[in-house]
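None of the figures in this text is laboratory data; all of them are computed from the coordinates on show. This is a predicted model, so every value here is computed, not measured. Cβ sites come from the backbone with ideal geometry, for glycine too, and all protein chains shown count toward neighbours.
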Amino acid sequence: MSGLAAGIRLAMFDKKVLIVEKHHTSGGLNSFYTRNLRKYDVGLHALTNYVPSHIKGSPLAKLLRQLRISREELGLCEQMGSSIKSNGRCLRFNNHFELLESEVAREFPHEVDGFQKLLSFIKNFNELSLDNLEASTVATIKLFIKDPELINMILLPLFYYGSSQENDMDLNQFVIMFKSIFLEGFCKPQEGVRRIIRLLTHKYRMLGGGKLMNCAVKRIIIDKNKAIAIELADGQQVTANTILSSAGAIETQQLCHPTPPIDPTNIGQLSFVEAILSIKTLPRNWGFKDTIIFFNNNKELSYRKPQTMVDEGSGVICFPENYQFLEERLPQEGSIRMTLLANYDLWNNLTPALYRETKEKVLKSLVNVLKEILPGSNQLLEGQLIDTDLFTPLTIKRFTGHMNGAVYGCPHKFRHGQTPYENLFLCGTDQGFLGIVGSILSGISMANLHILKEK
């Protein structure tokens, strides 16, 4: 989506733009597909950064202003409410921060002062400055909060929704995610991610932008210190004054010919599996009202590449229909999505037959995990289940191109979007802004900074 956003921004100022898309739909992993006549979103659990329409200066407001899109066009619906569950403790939160504050006071009364000091630090931190140095989130939080369980519960949603580092997170990204999830909130169009993609695509097309679909880039041709052209899979070459790449930092370097030195320590390792369960009825009708549940059953939160196919000890459960949708437009069927850490190498080493068999085994295992986490869900998951699907680290690599199926790209970001070449820049995941709103803002910011020359 960062590429679409950059394309729109540039076309608004009469720049000649061509978007080259490897797949038949835009959005990378944040896309959609149809299976057995059912429409599924991929990637999008929630749009973050929700604020009421009267709030100015927010990331969402900036996005709308820069792309000249109205809130009504997005059709955003707020979450019903979410929770963080870890080792018998629960913190509920919604789009009103006061609820999380009261929950922390209830579960961790001895940490109220520390939590408020952390909150003050976050509110005063300028996370969008491109000049900020990288710093450890874990080390920073420990300056304010001492209870390890509260630290784990704060980090759990932010890790799963944005960290590319094992058991830590860059402080800038932590602040981005804390503000976007806790101080602002979750929302989603009733039609899901397809509404966002279609809106951006239509906007870009109306501005006269060019687009090549199902068209892979074979290489970026380098001459001296400049990228002079891209070569497509069919051998065609396209020249450009400037190239913005959303392929990822390492992946962009690998496309360059000749290829520059690559830092092997900055190759992402964190990947996921996600089970998608279709159900005959809406989970809310069975008493499951959370929009998203972040869970941890490990004694210590372990956010790292597992040694097994899947780490069932922590993850995310999403109820895609549990938003404040219009009642008359609610679907009859419902769904549950469950996301967990996975080992790319183990999945990649399977034969095709064993890959299919392993997917079935993992799906069955994850249904059992769901039954343990969701009391009273046995009948729902047994008698009401009508279809299942599972995407794996290989699916992520296929649709993002990221090495190791690393959802959030490389551990260390390139906030200015610069590469070794003077006219080749990064946007998207490895530039460093997070989530769909962050991805769109990344495209806007890099277009402004490097082509339109707006600071």
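Summary table
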item	result
Separation of alpha-carbon centers, the stretch 389-453 and the stretch 234-281, rounded to whole Å	8
Ascending count of other beta-carbon atoms within 10 Å, so fewest first, for 53, 70	70, 53
Lysine pairs within the stretch 188-306, Cα separation less than 18 Å, 8 or more sequence positions apart or different chains	4
Rounded, prolate or oblate (a/c below 1.5 giving rounded, otherwise prolate when a/b exceeds b/c) for the stretch 269-399 by Cα gyration tensor	prolate
Relative contact order [Cα under 8 Å, 6+ residues apart], the stretch 183-267, whole percent	19
Likely footprinting exposure, 337, 194, fewest C-beta neighbours within 10 Å first	194, 337
Estimated 222 nm signal from helices in the chain, with DSSP H stretches of n ≥ 4 weighted -39500 (n - 2.57), rounded to 500	-10000 deg cm²/dmol
Mean separation of Cα contacts under 8 Å (6+ apart) over length of the chain, as relative contact order %	24
Rounded FRET efficiency, nearest 0.05, which uses the C-beta distance separating residue 117 from residue 212 and R0 of 45 Å	0.30
Nearby lysines by direct alpha-carbon distance to residue 56 (threshold 17 angstrom, same-chain neighbours under 8 apart not counted)	123, 179
Relative contact order (percent, whole number), the stretch 383-449, Cα cutoff 8 Å, 6+ residue spacing	19
Linear extension gain, residue 55 paired with residue 233, 0.36 nm per residue minus alpha-carbon span	59.5 nm
Using a Förster distance of 51 Å, the FRET efficiency for residue 327-residue 257 (Cβ separation, nearest 0.05)	0.35
Loop sites in the stretch 334-405: chymotrypsin sites (Phe, Trp or Tyr not before Pro), DSSP, at most 10 other Cβ within 10 Å	none
452, 155 arranged by Cβ crowding within 10 Å, fewest neighbours leading	452, 155
Ellipsoid semi-axes in whole angstrom, largest first, where each is sqrt(5λ) of the Cα gyration tensor of the chain	34, 26, 23
Residue-span extension gain [residue 349 to residue 265] - 0.36 nm each, minus C-alpha spacing	28.0 nm
Net length gained if the chain between residue 300 and residue 131 were fully extended (0.36 nm per residue, minus Cα distance)	57.5 nm
